[in-house]
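Visitor: I have a structure I would like to understand better, so I am pasting it below and will then ask my questions one at a time.
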Amino acid sequence: MRLRLILLVLSLLTFLSTSIGGYLYYHNLKESALLEAEQQAEIRVEMLRINLNAQISANIRPARVLAGIPEIVAALSSPAAASLDPANQVLDHFQRNLNADVCYLMDRTGLTIASSNRNAMDSFVGHNFDFRPYFTKAIQHTPATYLALGTTSGVRGAYSSCPVYGADRAAPIGVVVIKASIEEVEEELGLGPEDIILVTNPLGVIFISNRAQWRYQLLWDLSQEEIESIGRSRQFGEGPWRWTGLKLRDDRYVLDQIGRRYLMNRTQVENYPGWNIIHLRSLDAIAKVVSEPLIRITGPVVFTASILIGFSVFFLYQKASQEIVKRKEIQKALGESEGRYRSLYNHTPAMLHSIDSDGRLISVSDFWLQALGYRREDVIGRQLTDFLTESSRLFAERSVIPEFFRTGACQDIPYQFRKASGEVIDVLLSAVAERDDAGRPVRSLAVSIDVTERNRAERALQLAQEELSRYTRGLEKQVQERTREITSILRYTPDVVSIKDRDGHYTLINTCFEAILERSNDEVQGLTDEDLFPPEVARKFRENDLKVLRERRSFQFEEQMPHPDGTTHDYLSVKFPFYGADGDASGVCEISTDITDVIKAQKQLRRLSASIMAGQEKERAAIARELHDELGQVLTALRMDSVWISRRLEAADPAAAERARDMCRLIDKNIEDVRGMAIRLRPGVLDDLGLVDALEWFTADFEKRTNITCVFEHSRIPVISESIATAAYRIAQEALTNVARHARASRAEVELVTHDRQLQLTVVDDGDGFETENLSESEGLGVAGMKERANLVGGDLEVRAAPGEGTRIRLRVSFPDEPGEMT
């Protein structure tokens with residue numbers, strides 16, 4: 001009996017505990033369902049916020065691009081048909097590719113001048129939208145977004161505007177707008193029949209909803225003044241805007257007019273201050289999700305479970321205690337392992353991520369976020385391919401991801417990620433799969449290695465190799481061409497060409513040199529000048545070679561070389577060093593031109609010129625004597641007769657006497673002119689007193705005739721030959737004549753000195769100067785004549801001049817071995 005009572009009590013207790021447990025289970029299940037519904041609602045609202053923001057703000061960046069297109073700027077700068085047609089084509093292109101409702105362009109007054117719907121019944125062209133906030137903000141330099149019902153089309157839209165600047169970029173010259181359809185946004189909300197989604201403005205006007213009857217109604221009860229402000233904004237049409245009857249109980253629940261309670265979740269819309277996304281779900285629907293399955297499934301089982309639970313309580317209690325202890329230990333170890341895994345996952349300096357079977361990111365490492373510049377909340381739940389470039393996205397969707405979830409692994413897949421900043425990086429991705437109990441891949445663990453710099457280096461190296469290859473081929477071609485050219489030059493040039501090393505051994509001679517030596521190049525290689533020429537010639541060659549090697553520059557030498565016919569030819573040799581890889585002069589190259597005939601011709605010309613100039617001087621001396629002796633005597637006799645006549649007529653005819661005196665004065669002037677002409681033709685002082693006195697007289701006469709200050713300075717000058725004296729005098733005479741004719745000088749200086757057994761004559765003026773390379777033919781003959789006189793006496797004439805810096809002419813001529821008496 002006691003046993004039955006105990007069993008009965010135990011049964012009653014079991015039933016009671018089962019009932020209480022069932023109720024508590026239902027209550028907890030309901031609370032869990034409500035909590036899960038809240039969590040799902042929060043996730044759904046967040047996803048809606050992300051998707052909604054992405055869709056209604058997707059045209060911000062295209063609007064900026066559209067505002068900078070030259071055809072758009074041109075249409076605003078010159079709104080003629082010729083400039084509007086290209087702008088309309090650009091607007092059509094953007095409307096088609098963005099799948100936008102309409103793209104249009106307004107001038108600075110808000111008047112629409114171009115639109116992609118210009119041919120439609122509700123064309124925007126000609127309409128003024130200066131009252132719209134997206135226009136007023138953009139015309140004040142601020143790109144804007146705006147949600148509103150179209151006043152012309154009657155279609156809801158998300159407007160993205162951007163200012164358009166002219167060439168000076170000082171102030172906007174217009175505004176470009178892209179309008180996206182809201183209906184497409186609503187179609188992509190993807191909610192169930194029990195869910196209500198609302199997008200409201202700051203006053204609570206419902207603009208977007210998956211329930212068509214709720215649109216343009218008021219979420220909350222508003223005052224008349226607030227309703228009138230809605231009408232004035234023209235943002236949501238003409239009204240009326242009726243109240244939905246919803247009342248807010250707390251932050252989580254609202255009641256409708258019949259008392260139904262709704263679980264509410266809301267969040268703000270990015271870039272739209274005061275706008276909210278509100279998600280409503282009936283609590284009855286949430287409870288129904290819990291109660292119907294519970295009643296259907298647990299009803300038949302409750303009674304059986306109540307009986308079995310009583311018998312199993314003790315046994316299960318013992319087992320449960322043991323299992324609980326073990327589970328706690330396992331959970332503790334699992335928690336520690338998971339912590340180590342998460343720490344390793346997030347702190348490993350590598351880009352790690354995981355995707356599910358739908359290709360959505362379910363986890364990313366901190367380094368992944370840091371490398372690409374995103375926040376974790378911006379990437380979790382999104383497709384991995386959203387962060388790839390277009391080509392990588394197509395490659396992943398069509399090939400890599402399907403193959404990975406078929407095989408469970410992939411290695412070194414080349415991708416291109418696009419960072420938050422827009423920069424593109426190259427990666428190599430390798431991944432392994434986590435599998436379910438059936439062995440199917442359900443998620444991935446992938447590591448990406450940034451190989452951007454390596455790829456850049458490889459591309460740069462490849463380009464460098466290609467460039468080097470092209471350069472090498474070009475260099476080889478140039479070398480071949482230069483080799484052929486040099487070979488032709490060496491073979492056919494009439495000049496003597498040779499190359500010697502530092503020790504004077506020949507390494508190369510050309511065809512002309514082979515003919516002179518009557519030996520081939522191979523026979524001459526390794527020989528020196530001592531082996532080929534007489535000692536004196538070889539010594540001279542070697543001295544010149546050593547001078548080139550010592551001073552490491554090119555020189556010109558006049559050298560003599562014996563020929564096979566026994567004659568000796570004169571050569572003008574240009575010798576220059578060439579260098580080895582170490583930068584030191586490794587030898588001498590010589591190019592010699594036979595100038596024997598030229599020297600002979602020069603000597604003949606010099607003798608002819610000397611003969612002509614000597615003849616000129618004799619003629620001048622003869623003419624000077626004739627003028628002085630003959631014409632001078634005649635003029636003197638005429639003067640004496642004029643004086644006699646004047647005295648005879650002085651008493652009888654004073655006028656005739658005065659006329660005779662005038663004749664006397666005229667004859668005196670002619671006598672003076674004849675004497676000057678004779679002296680200039682051949683001054684007797686040059687023959688009688690020498691060069692110094694002749695120059696002193698000439699400079700004084702020059703100053704008197706030209707009014708140009710002329711200073712003559714000299715040192716003690718030895719007695720010099722008549723030819724040197726004549727040359728020096730004529731050069732000074734010609735130089736001062738040029739000063740008087742061309743220089744426009746105020747001062748000239750003549751200096752005659754000796755230095756190092758040389759006579760130096762210098763003539764300097766402060767006139768205009770000239771470019772020595774740009775002398776006219778007549779002026780050049782004067783300089784050439786002075787140089788010819790200098791050459792005839794074995795001297796050297798140097799002419800230095802520059803525009804605005806005057807002219808300096810210097811004659812240098814060596815004394816003979818036995819100078820005469822000093823003067």
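Visitor: When you scan segment 381-398, how many residues do you find that are open to solvent by 50 Å² or more (accessible area, probe 1.4 Å), assigned to a helix (DSSP H, G or I) and either of a type outside the set (A, V, I, L, M, F, W, C) or in contact with an Asp or Glu (Cβ under 7 Å, 6 or more places away or on another chain) (or both)?
Guide: 6
Visitor: Where in segment 438-518 are there strands (runs of 3 or more DSSP E), lying fully within it, with 3 or more residues that are touching a residue at least 40 places away in the same chain (Cβ under 8 Å) and surrounded by fewer than 16 Cβ atoms within 10 Å (Cβ to Cβ)?
Guide: Numbers: elements: 441-450, 496-501, 506-509.
Per the criteria, 441-450.
Visitor: For segment 526-554, which positions are among the hydrophobic types (A, V, I, L, M, F, W, C) and over 13 Å from Ala585 (Cβ atoms)? It would help to see each step written out before you state the result.
Guide: Initially, segment 526-554 is screened for residues among the hydrophobic types (A, V, I, L, M, F, W, C), giving 527, 532-533, 537-538, 541, 546, 548-549.
Matches in segment 526-554: Leu527, Leu532, Phe533, Val537, Ala538, Phe541.
Visitor: Would you mind stating whether Gln370 is touching a strand residue (DSSP E or B) at 6+ places or on another chain (Cβ under 7 Å), assigned by TED's automatic domain parsing to the domain that holds Ala433 and either part of a loop (DSSP other than H, G, I, E, B) or of a type in the set (S, T, N, Q) (or both)? Explain how you work it out, then say what you get.
Guide: Working: touching a strand residue (DSSP E or B) at 6+ places or on another chain (Cβ under 7 Å): no; assigned by TED's automatic domain parsing to the domain that holds Ala433: yes; either part of a loop (DSSP other than H, G, I, E, B) or of a type in the set (S, T, N, Q) (or both): yes.
When the stated conditions are applied, Gln370 does not pass them.
Visitor: Filtering segment 664-683 down to residues that are modelled with pLDDT under 80 and aliphatic (A, V, I, L, M), which residue is most open to solvent (accessible area, probe 1.4 Å)? Walk me through it before giving the result.
Guide: Kept after step one, since they are modelled with pLDDT under 80, are these residues of segment 664-683: 667-683.
From the residues that got through so far, the ones that are aliphatic (A, V, I, L, M) too are 667, 671, 674, 677-679, 681.
Working: Ile667: 18, Ile671: 29, Val674: 17, Met677: 89, Ala678: 9, Ile679: 46, Leu681: 48 Å².
Here the answer is Met677.
Visitor: Something else now. Six or more apart or on different chains, Cβ under 9 Å: which pairs go from a residue in segment 537-552 that's without any contact (Cβ under 8 Å) to a residue 12 or more places away in the chain to one that's surrounded by fewer than 16 Cβ atoms within 10 Å (Cβ to Cβ) and not β-branched (Val, Ile, Thr)? Could you list them?
Guide: Ala538/Glu530; Ala538/Asp531; Arg539/Glu530; Lys547/Phe555
Visitor: Follow-up question, since we're still on this one. Starting from residues that are part of a loop (DSSP other than H, G, I, E, B) and in contact with a Gly (Cβ under 9 Å, 6 or more places away or on another chain), keep the ones in segment 245-277 and report whichever is most open to solvent (accessible area, probe 1.4 Å).
Guide: We begin by selecting, within segment 245-277, every residue part of a loop (DSSP other than H, G, I, E, B); these are 245-246, 249-252, 256-260, 269-275.
Filter again for in contact with a Gly (Cβ under 9 Å, 6 or more places away or on another chain), leaving 256-258.
Values: Asp256: 24, Gln257: 144, Ile258: 125 Å².
Per the criteria, the residue is Gln257.
Visitor: Hey, does segment 447-455 have a residue that's farther than 30 Å from Asn521 by Cα and more than 35 Å from the chain's Cα centre (by Cα)? Full working, then the answer.
Guide: Going through segment 447-455, the residues farther than 30 Å from Asn521 by Cα turn out to be 447-455.
So of that shortlist, the ones also more than 35 Å from the chain's Cα centre (by Cα) come out as 447.
Within segment 447-455, one or more residues are farther than 30 Å from Asn521 by Cα and more than 35 Å from the chain's Cα centre (by Cα).
Visitor: Kindly indicate whether any position in segment 326-342 is modelled with pLDDT of 70 or more, farther than 21 Å from Gly381 by Cβ, in a loop (DSSP other than H, G, I, E, B) and of a type in the set (Val, Ile, Thr).
Guide: no
Visitor: Looking at segment 521-542 only, could you name the residues that are assigned to a loop (DSSP other than H, G, I, E, B) and open to solvent by less than 50 Å² (accessible area, probe 1.4 Å)?
Guide: Gly526, Leu527, Thr528, Phe533
Visitor: Being touching a His at 6+ places or on another chain (Cβ under 8 Å) and either open to solvent by 40 Å² or more (accessible area, probe 1.4 Å) or in a loop (DSSP other than H, G, I, E, B) (or both) is the filter here; which residues of segment 549-561 pass it? Reasoning before the result, please.
Guide: First pass over segment 549-561, keeping only residues touching a His at 6+ places or on another chain (Cβ under 8 Å): 560-561.
Gln560, the sole residue that qualifies.
Conditions (1) of a type outside the set (Val, Ile, Thr); (2) under 16 Å from Glu798 (Cβ atoms); (3) open to solvent by less than 30 Å² (accessible area, probe 1.4 Å), marked per residue:
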{"site": "Ile717", "(1), (2), (3)": "no, no, yes"}
{"site": "Ser723", "(1), (2), (3)": "yes, no, no"}
{"site": "Glu734", "(1), (2), (3)": "yes, yes, no"}
{"site": "Asn738", "(1), (2), (3)": "yes, yes, no"}
{"site": "Arg741", "(1), (2), (3)": "yes, no, no"}
{"site": "Ser746", "(1), (2), (3)": "yes, no, no"}
{"site": "Leu752", "(1), (2), (3)": "yes, yes, yes"}
{"site": "Arg757", "(1), (2), (3)": "yes, no, no"}
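Visitor: Condition (residue is modelled with pLDDT of 85 or more and more than 54 Å from the chain's Cα centre (by Cα)) applied to segment 572-593: is it met by at least one residue?
Guide: No, the conditions are met nowhere in segment 572-593.
Visitor: Restricting attention to segment 364-376, which residues are without any contact (Cβ under 8 Å) to a residue 40 or more places away in the chain and open to solvent by 30 Å² or more (accessible area, probe 1.4 Å)? Even if it seems obvious, please write down each step before you answer.
Guide: Kept after step one, since they are without any contact (Cβ under 8 Å) to a residue 40 or more places away in the chain, are these residues of segment 364-376: 364-367, 369-370, 375-376.
Matches in segment 364-376: Asp366, Phe367, Gln370, Arg375, Arg376.
Visitor: I've got another one for you. With the structure loaded, tell me whether Ala433 is open to solvent by less than 50 Å² (accessible area, probe 1.4 Å) and in contact with a Gly (Cβ under 6 Å, 6 or more places away or on another chain) or whether it fails that test.
Guide: When the stated conditions are applied, Ala433 passes them.
Visitor: Does segment 54-71 include one or more residues that are open to solvent by 50 Å² or more (accessible area, probe 1.4 Å) and at pLDDT below 70?
Guide: no
Visitor: Would you call Leu736 under 19 Å from Ala694 (Cα atoms) and either small (Gly, Ala, Ser) or in a strand (DSSP E or B) (or both)? Show your work before the answer.
Guide: Values: under 19 Å from Ala694 (Cα atoms): yes; either small (Gly, Ala, Ser) or in a strand (DSSP E or B) (or both): no.
So Leu736 does not fit the description; no.
Visitor: If a residue has to be assigned to a strand (DSSP E or B) and under 21 Å from Thr493 (Cβ atoms) to count, how many in segment 563-603 make the cut? Please lay out each step first, then the result.
Guide: So in segment 563-603, the residues assigned to a strand (DSSP E or B) come out as 568-579, 585-594.
Those still in the list that are under 21 Å from Thr493 (Cβ atoms) too: 569-578, 587-594.
The total comes to 18.
Visitor: Looking only at segment 766-823, which residues are at pLDDT 85 or above, hydrophobic (A, V, I, L, M, F, W, C) and over 30 Å from Ile717 (Cα atoms)?
Guide: Within segment 766-823, Ala802 is the sole residue that qualifies.
The values are calculated or read from the model by the stated rules, or taken from the named source; none is laboratory data. Since this is a predicted model, take the numbers as computed values, not measurements. Neighbour counts are summed over all protein chains in view; Cβ atoms, including those assigned to glycine, are modelled from backbone coordinates with ideal geometry. We work out accessible area using only protein heavy atoms, side chains counted, and drop any ligands, DNA or RNA first. Shrake-Rupley method; radii C 1.70, N 1.55, O 1.52, S 1.80 Å.
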